[in-house]
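Step one of this worksheet: look at the structure below.
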Amino acid sequence: MAAQAPTAELGQLSVEDGGSKPKPDAAAASNGNLNHDSDDSEDEAEDAAPAAATGAAEKKKKKKKKSKKKKKNSPTQQSDPPRVLISQLFPNNTYPTGEEVEYVSENRYRTTNEEKRHLDNLKSEWLSDYRHAAEVHRQTRQWAHKNVKPGHTLMEIANGIEDSVRALVGHQGLEEGDALTAGMGFPTGLSINHCAAHYTPNAGNKMVLQQDDVIKIDFGVHVNGNIIDSAFTMAFNPRYDPLLEAVKAATNAGIREAGIDARVGEIGGVIQEVMESYEVEIDGTTYPVKTIRNLNGHSILPYNIHGTKSVPIVKSNDNTKMEEGDVFAIETFGSTGEGKVREEGEVSHYAKRTDAPKVDLRLNSAKSLLNVITKNFGTLPWCRRYLDRLGQDKYLLGLNNLVANGIVESYPPLVDKKGSYTAQFEHTILIRPTVKEVISRGDDY
């Protein structure tokens, strides 16, 4: 989820029918007792009777034996759409590791240092939660890569992604407080073309994805408040490939530079240099790819998507250092426009402020809504669709009052010049004591 720079789920198991009987052999019947000669003695028939009776008794015994029930196997692969719990696919909390990168130079010792390894082990539950959330994100976006196509509405895309996330973590978020255990880390951003960030459909939105659109898909997954923030861009016309390549390369450059003691201003300089070495030709006109200078990466805190540190994506004099234990979202944005965004359009994204003031609210609707927000989302970002699915209605007056009183922060869509195209790529990295882990890394990006 973008930070603005400050101004100034199995194949069905087939079970064999153990109760079916073999059909009689027709040839054996035609050659049996029915075809014996008439001069056969009755003694032979009498001798045969006990044997037949014994055979019948044995058959009854066999019939009484019940076939053993087969144990259901645990699922070993994901369904389409994703509905199998990640915790079932990876039992005992053994979730896949992200991309681990060893530190270099004066921090190289950390990889094998016993003290640092001990510190790593102390945070095993935290690391397990992060890897759990990351795998949910990977499998959900794998589905998105295959299924998001022109002709789908943004509402269908958003619901498809969010239904998958909730199913994979096993928390639908409809009971009070359930969404705070695990689920969406923030709403699914589906920002198109010149809109760079913070757009998701509100109720009634009928916008349809078009063949010539460039769409940024930015969504968060959390487990126990540990948030994975990762985004990617899709385009269906190859003419936009250089734009996407530029932004992906810039993001990877930023990830490469990140680490303990790295200065964020210097990281921004590397990002900008890589980004602006690209250009893209659209309809015969060549456009330089510009870094969107007033958007930043950011640190992540528990239940707080925008932490206290920013990672600029242009060169700056910010000497803030990355430190052991930090979590960062390294995200970059490129544009064929002005390289600067402004707020414009209907708001969909909101979050309760971590430093929300205590205000004597006079509107009952605002008081009631604040209670719903606090109990269901805490300080996690949410959107108006999330209130709708909780059964809330006629809440806009109260919502606007909470925003006006500084209790809830609104995040309007961020747009560049109309007619321009923007792209975004983003990963979450953990600055662990022993290694840097690009926790959200996958085969896709």
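The values are calculated or read from the model by the stated rules, or taken from the named source; none is laboratory data. All values reported here derive from a predicted model rather than from experimental measurement. Cβ: placed from backbone, ideal geometry, glycine included. Neighbour counts: every protein chain shown. We work out accessible area using only protein heavy atoms, side chains counted, and drop any ligands, DNA or RNA first. Shrake-Rupley method; radii C 1.70, N 1.55, O 1.52, S 1.80 Å.
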Computed over region 90-131, Cα set: Rg, Dmax in Å: 12.2, 38
Stokes-Einstein D in µm²/s, Kirkwood radius over Cα pairs - region 369-420 at 20 °C with 1.002 mPa s viscosity: 172
Distances over 25 Å make up what percent of all Cα-Cα pairs in region 318-445? 49
First check a/c for region 188-230, with a ≥ b ≥ c the square roots of the eigenvalues of its C-alpha gyration tensor; if it is under 1.5, answer rounded, and if not, answer prolate when a/b is larger than b/c or oblate otherwise. prolate
From the gyration tensor of the Cα coordinates in the chain, what semi-axes in whole Å does the equivalent ellipsoid have, largest first, with each one equal to sqrt(5λ)? 58, 27, 25
Starting from the 7 Å offset along Cα-to-Cβ, what nm value, one decimal, do you get for the label separation of residue 202 and residue 113? 5.1
Average the reciprocal distances over every distinct pair of alpha-carbons in region 66-163, invert the result, and give the Kirkwood radius in Å. 17.0
Of all accessible heavy-atom area on region 288-344, the percent that carbon and sulfur account for (1.4 Å): 44
Solvent exposure of the chain as accessible area per residue, Å², 1.4 Å probe: 52
Can you compute the helix-only [θ] at 222 nm over the chain? Use -39500 (n - 2.57) per DSSP H run of at least 4 residues, normalise by all residues, nearest 500 deg cm²/dmol. -9500 deg cm²/dmol
What is the set of long-range amide H partners of residue 189 at a cut-off below 5 Å, with H atoms built 1.01 Å from backbone N? 218, 219
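Give the Kirkwood hydrodynamic radius (Å, one decimal) of region 239-278, defined as one over the mean of 1/r across all pairs of different Cα atoms.
Result for region 239-278, one decimal place: 10.3 Å.
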